[in-house]
Amino acid sequence: MRNRSKLQEQLLAWYDKHQRVMPWRAVKGRTPDPYHVWLSEIMLQQTTVVTVGPYFMKFLSKWPTVTALAKAKLDDVLTAWAGLGYYARARNLHKCAQVIVAEYSGRFPSAQDELLALPGIGPYTAAAISSIAFNQPAVAVDGNVERVVSRIDAIEEPLPASKETLRAHAAEIANNNTRPSDFTQAFMELGATVCTPRKPKCPSCPWQKSCKAYNKGIAEELPRKLLKAKNPVRYGKVYWIQKKSGEFLIEKRIGKGLYEGMFQLPTTAWTDKAAAKKLPHPFDKKLRFKSLEATVRHTFTHFDLVLEIWSAPAGKDFSPGSGLFVSTAEIEAYALPTLMQKVMKLCLRQ
Ligand code: SF4
């Protein structure tokens, strides 16, 4: 039987000494702002701390409170989010801000079940907000915590089947700790900075003596993971239509789903390789397209995409239809996803 309260003391003492300064983290002795905690947790899903930092600061300067964010136009939120990926998060962020203002007078609820009912907030984020912002005894298990737990208890069952086991072990370790907000952050911080996926820094770890994987010499092998099936690949064409002045054509993506409400360079449907080859361009036949002999690859959660790039000069009589021509300076004001930014940069280099 392990001494749980000793483990908790060791982790909190380590955190008090080694916690990193983060723009969204409250300084010692201050209560974290739930708006900051929520915003950072949504941004950090699938994204690294280094990438999120500038986006977080930009959002706070544009919309310092959840009420200000709720009043923002969705297009402006998507534009500020452009480049962070997984754009459904930005739409839900905006929706969630509006619900918090309408139903909670602009104050985040502290209970996990109320948080869970909000748009874009799943079990992990609800637990993270409840514990970090409100010091409630909730256990937020992210990839970092899963890794630490799999090692300290030498859990060899592979992910994702082991998720529930890892959660139960994390809850047992965190149970009845005296500082839930700090403990949640400390658990994640240990995984992010010491118990890293490769070459964990065990000599600097407060839990080294109790760590079963360390003692067995298998730390770096855990957590085991089932090999993921390869993503299917879709293909398509993307069009770079540019005026002599340098302005190029963009359009608002129509329909629901991927990149909903964002801007793009005109593109065909994304389909299998053979069908993509035969897809005609949707413009006036007078446009003289040539292949740039370049492709852009992009990985989405459920498929990989390969886009062939075609370009054509826009003559004086070219009508942009529902699209619009923008300069490289003006494009900053439009929500252009990372995929399309990659294409744009490549075309501008030609
Ligand atoms: Fe991770 Fe090493 Fe600490 Fe074990 S001793 S929890 S493997 S850093």
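The values are calculated or read from the model by the stated rules, or taken from the named source; none is laboratory data. Owing to the predicted nature of the structure, the values given are computational and were not obtained by experimental measurement. Please note: Cβ atoms are built from the backbone with ideal geometry, for glycine as well, and neighbour counts cover all protein chains shown.
Structure data summary
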read-out	value
Residue identified as of a type in the set (S, T, N, Q), near the ligand (Cβ under 10 Å from one of its atoms) and either within 18 Å of residue 14 (Cβ to Cβ) or touching a helix residue (DSSP H, G or I) at 6+ places or on another chain (Cβ under 7 Å) (or both) among 196, 184	196
Residue satisfying condition, being farther than 22 Å from residue 49 by Cβ, among the aliphatic types (A, V, I, L, M) and surrounded by fewer than 22 Cβ atoms within 10 Å (Cβ to Cβ), within set 97, 192, 117	117
Selection from the range 172-181 of residues that are surrounded by 15 or more Cβ atoms within 10 Å (Cβ to Cβ) and in a helix (DSSP H, G or I)	173, 174, 180, 181
Whichever residue in the range 120-145 is within 16 Å of the ligand (Cβ to nearest atom) and buried (at least 23 other Cβ atoms within 10 Å of the Cβ) and, among such residues, is farthest from residue 41 (Cα to Cα)	145
Tally, over the range 211-256, of residues that are touching a helix residue (DSSP H, G or I) at 6+ places or on another chain (Cβ under 6 Å) and over 16 Å from residue 343 (Cα atoms)	6
Residue list for the range 4-30, restricted to those being over 21 Å from the mean Cα position of the chain (by Cα) and loosely packed, with under 14 Cβ neighbours inside 10 Å	5, 6, 13, 16, 17, 27, 28, 29, 30
Tally of residues being outside any helix (DSSP H, G or I), free of Cβ contacts under 8 Å to residues at least 12 places away in the same chain and closer than 23 Å to residue 261 by Cβ across the range 28-62	0
One residue from 152, 173 being within 14 Å of the ligand (Cβ to nearest atom), among the aliphatic types (A, V, I, L, M) and over 17 Å from residue 135 (Cα atoms)	152
Pair list, Cβ under 8 Å, 6 or more apart: the range 66-84 residue among the hydroxyl-bearing types (Ser, Thr, Tyr), other residue assigned to a helix (DSSP H, G or I) and modelled with pLDDT of 95 or more	67/97; 67/101
Exclusive hit being of a type in the set (Ser, Thr, Tyr) and surrounded by fewer than 17 Cβ atoms within 10 Å (Cβ to Cβ), set 87, 104, 35, 55	104
Filtered residue count, the range 202-224, keeping only those that are near the ligand (Cβ under 6 Å from one of its atoms), within 29 Å of the chain's Cα centre (by Cα) and part of a loop (DSSP other than H, G, I, E, B)	1
Residues located in the range 222-252, provided they are closer than 19 Å to residue 188 by Cα and either aliphatic (A, V, I, L, M) or free of Cβ contacts under 8 Å to residues at least 24 places away in the same chain (or both)	222
